[in-house]
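Remarks on the structure that follows.
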Amino acid sequence: MGLYGRDLINRIQKAELEGENAHAIYSPPYRPLYSYEDILTRNPKFAAVNIVLYLKNNEWFFPLIVRSTNERDRHSGQISLPGGKKEEYDLDFGQTAKRETSEEMGIEEHYIRIIREMSPIYIPPSNFYVRTFVSYTKKNPQFILQESEAVELIEFPVSSILTLSDQPEMMVLPSSRGAEVPVINFSGYIIWGATSMILSEFSKLMKNL
């Protein structure tokens, strides 16, 4: 990338967001579009997720997790960003993102610095309205996964997000209602749904630096 430290942070802060246009590239074809007013009438739960950038061998990465199998969780077993439901004691959604990242991955919360917020996204199957943050940690993370939430860590290179295609691979998955859905196939890990939609916007953001 050729960008390090404060220069990278400043550019990410100023980069243009493409919101729903970027989300739509990786949206399942059956996903309905809702206005913010429509979403509020559904009494959604509020949550935050976090794209945490860190340097490893002079290359930028961010972590994804393979979620634990849980019959009560609609997203059980899927690949996702660290994050979760906003609690009453969280001061704001940024704190939710940092707290959940710390709990699920073992990164000490005070080392996580929020860079900016991206576009929110509504997830109809679970009725979550999710705020997405981009952050970084100056200290190389020592990942300790929360076993109840995550079974595997995926270190995703930013160089791969920069090559994300606007014509994604399509696959029929066990939980995709028999329909072909757009996926990110990263070394055999299949990323789809809200996570791929968020990463699509992050890819656009990084290309706009």
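The values are calculated or read from the model by the stated rules, or taken from the named source; none is laboratory data. Because the structure is a prediction, the values reported are computed rather than measured. A quick note on method: Cβ atoms are made from the backbone with ideal geometry, for glycine too, and the neighbour counts reach across all protein chains shown.
On the given criteria, is I107 surrounded by fewer than 22 Cβ atoms within 10 Å (Cβ to Cβ), closer than 22 Å to V158 by Cβ and of a type in the set (A, V, I, L, M, F, W, C)? Against the criterion (surrounded by fewer than 22 Cβ atoms within 10 Å (Cβ to Cβ), closer than 22 Å to V158 by Cβ and of a type in the set (A, V, I, L, M, F, W, C)), I107 does not qualify. Would you say A48 is within 14 Å of the chain's Cα centre (by Cα) and either basic (K, R) or not in a helix (DSSP H, G or I) (or both)? Yes; evaluated as a whole, the condition is true for this residue.
May I ask you to verify whether S203 is over 29 Å from R42 (Cα atoms), out of contact with any Pro (no Cβ under 8 Å at 6 or more places or on another chain) and either free of Cβ contacts under 8 Å to residues at least 40 places away in the same chain or not polar (S, T, N, Q) (or both)? Spelling it out, it is not the case that S203 is over 29 Å from R42 (Cα atoms), out of contact with any Pro (no Cβ under 8 Å at 6 or more places or on another chain) and either free of Cβ contacts under 8 Å to residues at least 40 places away in the same chain or not polar (S, T, N, Q) (or both).
Criterion applied to D7, D38 was being over 15 Å from the mean Cα position of the chain (by Cα) and farther than 24 Å from V158 by Cα, and the one residue passing it is D38.
Considering the range 73-86, and only residues there that are in a loop (DSSP other than H, G, I, E, B) and modelled with pLDDT of 95 or more, the residue that is nearest to Y129 (Cα to Cα) turns out to be K86. Residues in the range 26-51 that are aromatic (F, W, Y) and closer than 23 Å to I161 by Cβ: Y26 only.
Yes or no, residue by residue, for (1) of a type in the set (V, I, T); (2) over 13 Å from N50 (Cβ atoms); (3) modelled with pLDDT under 95:
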| residue | (1), (2), (3) |
| --- | --- |
| S68 | no, yes, yes |
| E71 | no, yes, yes |
| E88 | no, yes, no |
| H110 | no, yes, yes |
| I121 | yes, yes, no |
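Residues being exposed (fewer than 11 other Cβ atoms within 10 Å of the Cβ) and of a type in the set (S, T, Y): count how many of those fall in the range 31-58. Looking only at that region, the number is 3. P29 versus (1) closer than 28 Å to A179 by Cβ; (2) in contact (Cβ under 8 Å) with a residue 24 or more places away in the chain; (3) touching a helix residue (DSSP H, G or I) at 6+ places or on another chain (Cβ under 9 Å): which is the lone unmet condition? For P29, the failing item is (3).
When you look at E180, is it surrounded by 13 or more Cβ atoms within 10 Å (Cβ to Cβ), over 17 Å from L55 (Cβ atoms) and charged (D, E, K, R), yes or no? Against the criterion (surrounded by 13 or more Cβ atoms within 10 Å (Cβ to Cβ), over 17 Å from L55 (Cβ atoms) and charged (D, E, K, R)), E180 qualifies.
Scanning the range 127-170 for residues that are aliphatic (A, V, I, L, M) and touching a residue at least 40 places away in the same chain (Cβ under 8 Å) turns up V130, V134, L145, A150, V151, L153, I154, V158, I161, L162. Exactly one residue out of E117, E100 is surrounded by 20 or more Cβ atoms within 10 Å (Cβ to Cβ), within 15 Å of the chain's Cα centre (by Cα) and acidic (D, E), and it is E100.
Just a yes or no: is a residue in the range 145-156 surrounded by 15 or more Cβ atoms within 10 Å (Cβ to Cβ), closer than 20 Å to A15 by Cβ, of a type in the set (V, I, T) and modelled with pLDDT of 95 or more? No.
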